[in-house]
Every structure is written in structure tokens, then in C-alpha cells.
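Scroll down for the structure; my scribbles are underneath it.
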Amino acid sequence: MPDAHALYAWRMATDLHQLRAFVAVVDEGTFTDAAIALQLSQAAVSRAVAGFEASIGARLLHRGPREATLTTAGSRVLVHARRVLDEVARLEESLSRPAGEFRIGYHFAVLGAHTVAVQRDWSARHPGNPLVFVQSTSASAGLHEGLVEAAVLRRVPSVRRIATELIGTENRYAAIAASDPLARRRRLNLKDLEDRIIAVDPLVGTTSGDLFAGRPVEVRTTHNIDEWMTAIAAGQAIGMTPESTVHQYRRPGMVYRRVVDVEPVSVWLAWQRDAPPDRIDDLLAMMRKSYAS
């Protein structure tokens, strides 16, 4: 029979799991999107939220066919749920983080060709506070989870508690197999890609069907940069990606070609609105200067 400490630890873990599921549904808008963000099944998220509602003794969410919305009770509980998760994240992070680090979350390519220059400039100005880039697969690149102080994003989350400032923009490139006839050309147009299967990461990618002005495109879902590149190099799909990926990820059998008739990708620096990190203005200015050069 487990002792009291083990039972308490199990109970706390279960409650935190339920809290995270509830908050994720609120932030993402649907149980499906919350499941993607948490990397769980939709059924697991539904069970966690239902268990949380049972323990609270009140319905917290209205389940609609297209979205989940807060009930009156849910709005009250949300404030406290966020506070608990924030405190737990800070506690966990404070126990593992080396003193003085300024941690920046990212999804796949940080700042591309500008990454090293920004790190060097930061080190010269703040030698006791190293700038550490942390890769994350969460929608907020670790920001929601309290794992980082700020994040480089190429999709702006629709969450008011996150502040964002534009760093710069990046041209879009097509990623194609080296054996593809399109690889013989230096530049491409969007129309060249219309009849192709497009590899897309639905959680953190910058490509969607909207890019093709409503024209139907076939999509292949990928879940990380390695899976994305593998599918493209094998000729199973093509990709669309910001210029930063071109500088950071190369693979035999795959090439990048500039797409000239599409809007560039905006790059944002994000942080918690109610808890801006120290020196965030300095970092923002440094990143903007690098993109402008």
C-alpha cells in the first residue's frame, strides 16, 4: 500500500494534469487544438477536463460544435488555474535553471542567419547573463509553460496575456527534392506549387491552405522539422518555409528555392505581458538591428 506522501504526489500530479488540460482548451479554443498543443489524444484531454469539473462540482466549459467557451464558473476558476500553473512552472524552472540565464524559446530556426550575431552581441553587453535558445514544440515555444522568459514566434498567439513585438520579416522559400524538375529553377511562383502535396506542421508551421488564396491544396501533416525534411527529400511532398530555415537546416537530396510572389513571414518576440523580463527592450532592439542590417 503506498504511503501518504506517494498518494499526495499522485493526487497533485493528477490535479495539475487536469488544470493544464482545462487551460489549454481555453487558450486553444477547442478540445482538438488543445490535444495538439499538449501532445495528447483528444479523449485524454476531454477526460481530464471532465474530471476537473467533477472535482470542482461545476461545469466550466460550454462544449460547442466548433469551439469551447467558458461558463461563468469557468471564468472564475481560470484565473486561479493560471496562477497555480504559473507558480508550479516557476518552481520547477527555478530548481533546474542555471543562475543568470536569459532563456528564449523557439520552434525550429531561431533567427536563422542572425542567431549567432545576436548571441555574440548579447554576450559582449551582458557577459554574466548568457542568452540561451531553447527549442520547444508547444504553440508558445515554452512561454505558456514558464520554461523561457521570451520566445521567437512566427505565428502570433491570440492570447491577450502574451505581449508581442515585430522583430523583422523573412522571405518564403519552397523546400523541394533535389530531383524535382522545379529544382532546376532559381526562383518559383506560388502557382508552380498548386498541384503539389504540401508538408505542413499544423501546430508551429507558417504554411496553411490560406496561403494559396483559397485554391484547394493537398496537405501532408508533419510533427517536427526532421519529419518535414525527410518527407521532402524523399519526394513525398514539398514545403514552404521562412528564410531562417534555409540557413539552419540542410539535408542531402533537398534544396530551397525562393518563392517571389508571396508575402514574407513576420518574426515576433513574445513574453508574458504582466511579467516582462529584465532587459527585454535591449534584446528587442538587438534583434531588430540584426534583421535590419
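If only the Cβ of Lys and Arg carry +1 and only the Cβ of Asp and Glu carry -1, the dipole of the chain around its Cα centre is close to 560 debye. Compute the helix-to-body angle for 72-96: its Cα long axis versus the longest principal axis of the chain, expressed 0 to 90° and rounded to tens. Helix 72-96 sits at roughly 70 degrees to that axis. Taking a Cβ cut-off of under 14 Å around W122, the surrounding Lys, Arg, Asp and Glu residues balance to a net charge of 0, with basic ones at +1 and acidic ones at -1. Shape of the chain from the C-alpha gyration tensor: oblate (a/c of 1.5 or more and a/b not above b/c, with a ≥ b ≥ c the square roots of its eigenvalues).
Among T71, T245, T137, which one shows the biggest mean-square fluctuation in a GNM of the chain, springs joining Cα atoms closer than 10 Å? For the chain, modelled as a Gaussian network with Cα springs under 10 Å, the answer is T71.
Does segment 232-292 come out rounded, prolate or oblate, given a ≥ b ≥ c as the square roots of the eigenvalues of its C-alpha gyration tensor, rounded meaning a/c under 1.5 and, failing that, prolate meaning a/b above b/c?
Working: a/c = 2.72, a/b = 2.43, b/c = 1.12.
In terms of gyration-tensor shape, prolate.
Residues within the reach of a label modelled at H62 (point 7 angstrom out along Cα to beta-carbon, backbone nitrogen below 20 Å), restricted to segment 14-36, are 22-34.
Over segment 172-263, what is the mean sequence separation of C-alpha contacts under 8 Å (at least six apart), divided by residue count, expressed as relative contact order in percent? Show your work: numbers first, answer last.
Details: 167 pairs, mean separation 46.8, N = 92.
Computed value for segment 172-263: 51 percent relative contact order.
Summary value for the chain: 20 percent relative contact order, contacts being C-alpha pairs under 8 angstrom separated by 6+ residues. As a rough footprinting exposure proxy, the listed residues D201, D195 were ranked by other beta carbons within 10 Å of their own, and the order from fewest upward is D195, D201.
Have a look at V204, Y291, H144 and report the one farthest towards the positive end of the charge dipole of the chain, computed about the Cα centre with Cβ charges (Lys/Arg +1, Asp/Glu -1). Comparing the listed Cα positions along the dipole, Y291 ranks first.
For the chain, the residue among P181, L193, P242 whose Cα projects farthest onto the positive side of the dipole built from Cβ charges is P181. By other beta-carbon atoms within 10 Å, ranking E263, E149 with the fewest at the front produces E263, E149.
Only the Cβ atoms of Lys and Arg (+1) and of Asp and Glu (-1) were treated as charged; on that basis the dipole of segment 38-148 about its Cα centre amounts to roughly 240 debye.
Since every read-out is calculated from the coordinates, none of them should be taken as a lab result. Being a predicted model, the structure only gives us computed values, none of them experimental. Counting neighbours? That spans all protein chains shown, and the Cβs are built from the backbone with ideal geometry, glycine included.
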